[in-house]
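Asks: Structure in structure tokens, see below.
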Amino acid sequence: MADGSEKREAHRALLGTKVSWTADNLHWQEDNSQDVSSTGMMLRTAQQIEPGTMLTLAFKLPNRKFLEPITAEAEVMRAVRRQERQIGVGLRFIVLRSHDSRVVQEFVCRIIGLPLDDVIDSLGDAEDDGYSYQMDRLLCEADERNARLADQQLIKDNARLRKDSFRTWRERGKRIALLALFIFLAFKVKESLVGLNILLPGR
């Protein structure tokens, strides 16, 4: 399951928010997040945390900053390094209330401009609690469907651009043809006038 989740790239939205976290439910620390997806989060921290460690998280999203924080259980999947220095850890949500999973998914979709998948709306009542592997599978399917929608929209946009480009060149062609016709007629009229001057007596 972990391998599949790591191979699949969920849509991520930039999110710089304070995240309170603990590995033992006793000692809490606070760091900033870098991004969030429907299935996980990148936590910016210099703390060395081994992959496989379970963390308890509490964080708020901008669209619900005056409400209770979202709480989640997450697994450390990997350390994120830059120039040989750890700058954060990649987390995968393991336990998340279904209502909160919808809130996170809606936030991500709004930030990156994708429609909220109706699969998320069918994840149960807002008061339900257990984020399960079945829900994880549904979220994976939602991300994949969003990716397909984005691809379809890109194809439509490209087709519209080609159509607009064709229309533009067609209009230019018409204008060029009309201009050529005008020049041709003007030339013929000039030829006729010259011929008329030659035929008129006394000229």
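The values are calculated or read from the model by the stated rules, or taken from the named source; none is laboratory data. Quantities reported herein were computed from a predicted structural model and do not represent experimental measurements. Ideal geometry is used to build each Cβ from the backbone, glycine not excepted, and the neighbour counts take in all protein chains shown.
Asks: How many of the residues in the stretch 1-23 are within 14 Å of Val76 (Cα to Cα), surrounded by fewer than 21 Cβ atoms within 10 Å (Cβ to Cβ) and modelled with pLDDT of 80 or more?
Replies: Of the residues in the stretch 1-23, 2 are within 14 Å of Val76 (Cα to Cα), surrounded by fewer than 21 Cβ atoms within 10 Å (Cβ to Cβ) and modelled with pLDDT of 80 or more.
Asks: If the requirement is being modelled with pLDDT under 90, at positive phi and touching a Ser or Thr at 6+ places or on another chain (Cβ under 9 Å), which of these qualifies: Gly130, Gly124? Even if it seems obvious, please write down each step before you answer.
Replies: Values: Gly130 fails: at positive phi.
One residue alone meets the criteria, Gly124.
Asks: Between Ala177, Ala147, which is modelled with pLDDT of 65 or more, within 19 Å of Gln105 (Cβ to Cβ) and surrounded by 10 or more Cβ atoms within 10 Å (Cβ to Cβ)? I'd like the intermediate steps shown before the answer.
Replies: Values: Ala177 fails: within 19 Å of Gln105 (Cβ to Cβ).
None of the other options fit; the residue is Ala147.
Asks: Sticking with this one: If you check every pair at least six apart or on different chains, which have Cβ atoms under 8 Å apart with a residue in the stretch 65-92 that is farther than 15 Å from Trp21 by Cβ and touching a residue at least 60 places away in the same chain (Cβ under 8 Å) first and a residue that is of a type in the set (A, V, I, L, M) and crowded, with 17+ Cβ neighbours inside 10 Å second?
Replies: Correct list of pairs: Arg78/Val89.
Asks: Please verify whether the stretch 89-101 includes one or more residues that are among the hydroxyl-bearing types (Ser, Thr, Tyr), assigned to a helix (DSSP H, G or I) and in contact with a helix residue (DSSP H, G or I) (Cβ under 9 Å, 6 or more places away or on another chain).
Replies: Residues of the stretch 89-101 that are among the hydroxyl-bearing types (Ser, Thr, Tyr), as a first pass: 98, 101.
Right, trim to assigned to a helix (DSSP H, G or I) and you get 98, 101.
From the residues that got through so far, the ones that are in contact with a helix residue (DSSP H, G or I) (Cβ under 9 Å, 6 or more places away or on another chain) too are 98, 101.
Yes; the residues of the stretch 89-101 include at least one that is among the hydroxyl-bearing types (Ser, Thr, Tyr), assigned to a helix (DSSP H, G or I) and in contact with a helix residue (DSSP H, G or I) (Cβ under 9 Å, 6 or more places away or on another chain).
Asks: Also, I was wondering about something else. Out of the residues in the stretch 42-69 meeting the condition of being within 21 Å of the chain's Cα centre (by Cα) and not polar (S, T, N, Q), tell me which one is surrounded by the fewest Cβ atoms within 10 Å (Cβ to Cβ). Before the answer, list the steps.
Replies: Within the stretch 42-69, the subset within 21 Å of the chain's Cα centre (by Cα) is 42-43, 60-64.
Subset that is not polar (S, T, N, Q): 42-43, 60-62, 64.
Details: Met42: 21, Leu43: 25, Lys60: 16, Leu61: 20, Pro62: 11, Arg64: 14.
Out of the qualifying residues, it is Pro62.
Asks: Please go through the stretch 43-68 and pick out each residue that is within 21 Å of Arg102 (Cβ to Cβ) and either at pLDDT 90 or above or among the β-branched types (Val, Ile, Thr) (or both).
Replies: In the first step, residues of the stretch 43-68 are kept if they are within 21 Å of Arg102 (Cβ to Cβ); the result is 56-68.
Thr56, Leu57, Ala58, Phe59, Lys60 - these are the residues of the stretch 43-68 that are within 21 Å of Arg102 (Cβ to Cβ) and either at pLDDT 90 or above or among the β-branched types (Val, Ile, Thr) (or both).
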